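The values are calculated or read from the model by the stated rules, or taken from the named source; none is laboratory data. Please read all numbers here as calculations on a predicted model, not as lab measurements. Cβ placement follows ideal geometry from the backbone for every residue including glycine, while neighbour counts extend to all protein chains displayed. All accessible areas refer to the heavy atoms of the entire protein, side chains included, with ligands and DNA or RNA removed. Shrake-Rupley method; radii C 1.70, N 1.55, O 1.52, S 1.80 Å.
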Amino acid sequence: MRKKSVLGLALGGGGARGLAHVGVLKVLEEEKIPINVITGTSMGAIVGAMYAQNPDVRAVIKRLESFFSSQSYESLGLKYIVPKNNQGPSFLSHLVKDVTQRVIINIAHSRAGIIKTERLEEAISMLIDDGKIEDTRIPFGCTATDLNSGGTVLFQRGDIREAVIISSSIPGFIHPHLRDGQYLTDGGVTAPIPVDEARQMGADIVIGVNVDANDIKALDNPHILDIIARADQLRGKILARYQLSKADVQLHPFIGDAHWSELLRYREFIELGEKEAQNKISEIRNVLRKNISTFRRLFCYKGIKV
């Protein structure tokens, strides 16, 4: 008797940087390493759901390309959020920044999100087929955070589009979702890399993929929102690092300090994910072999032929 390892893939959140997950999946597919469980948070939930429904990286990339050239992508308005790195420290640029932040603060007093939920729903409908989570070809789960209890919610059943929308509802940008007494938002708040959730779904080996920014630029004449955002970023990095440490194999593509809204850099991010996965293939195979060997020794010790 030979035990088959249950390999789980835990895909972390990170907005556009999460498109590196596609590159990781591409390498695993090419190397014929079977994925038995996928868990995802935020962009990891989007990519994970796409692949769990149709385990074909070429089809995933084709669908992403179609979306990024569509009106649905334009209507998200992310081009207005992408930082302008070439913007000089002129008086005018500082004035524009100051006015923009004041507008955002005023909006925050009356609304729970900047981007309409309907825009995200339209985008998800282009990327993910209608259906149930329990009907995916690869077992799939995605996370959300309950703002009332502070707990992590793992979706394993029900409408897959709805679950992914909730999992990828970036706090402050997408309105939280009230469901069964819970006020649910982006899973990245409490589960930036859902390694524990992959084990909860039966994985005994987990590959964790962290797509957090590798670099942090020094603050330059920061405003209130800059400081708040940096504090939250640091908290998130520490939590992500801790959760990634629980994985048997840890991947962290070198994406630099790319902003979460830079989705049109998807080809670059996919290539970076490929590179990181290729560098870790030997380690992945060694972990898989070691798990089988451990199982054999255990049962031989008990007098069971394997």
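Remarks
- 3J(HN,Hα) along the stretch 141-156, derived from phi through the Karplus expression 6.51 cos²θ - 1.76 cosθ + 1.60 where θ = phi - 60°, amounts to x, 9, 9, 9, 10, 8, 5, 7, 9, x, x, 9, 10, 10, 7, 10 Hz, with x in place of Gly and Pro.
- All other residues whose Cβ lies under 11 angstrom from that of residue 203 are scored, Lys and Arg at +1 and Asp and Glu at -1, for a net of -3.
- Sorting the segments 276-288, 184-196, 157-169 by their residues' average number of neighbouring beta-carbon atoms within 10 angstrom, most packed first, yields 184-196, 157-169, 276-288.
- Rounded to the nearest 10 square angstrom, residue 201 shows an accessible area of 40 square angstrom against a 1.4 Å probe.
- Computed over the stretch 139-279, the range of Cα coordinates on each principal axis works out to 43, 40, 28 Å, biggest value leading.
- Heavy-atom accessible area per residue - the stretch 1-67, 1.4 Å, Å²: 33 Å²
- If you take the Cα centroid of the stretch 155-230 and the Cα centroid of the stretch 44-71, the two points sit 19 Å apart.
- Mean-position separation - Cα centroids, the stretch 1-36 and the stretch 250-294, in angstrom: 9 Å
- Gain in span if fully extended, residue 121 to residue 219, counting 0.36 nm per residue against the direct Cα distance: 31.8 nm
- The 3J(HN,Hα) values that the Karplus relation (6.51, -1.76, 1.60; θ = phi - 60°) gives for the stretch 186-200 are, in residue order, 3, x, x, 5, 10, 9, x, 9, x, 6, 4, 5, 5, 5, 4 Hz. Gly and Pro appear as x.
- The mean accessible area for residues of the stretch 170-248, using a 1.4 Å probe and ignoring ligands and nucleic acids, is 50 Å² per residue.
- Inter-site label distance for residue 235 and residue 278 at 7 Å from Cα along Cβ, in nm: 3.9 nm
- For the stretch 1-75, the fraction of 1.4 Å probe accessible surface lying on carbon and sulfur atoms is 50 percent.
- When each of 62/116; 4/32; 32/62; 246/275 is checked by Cα-Cα distance, pairs over 18 Å: 62/116; 32/62; 246/275
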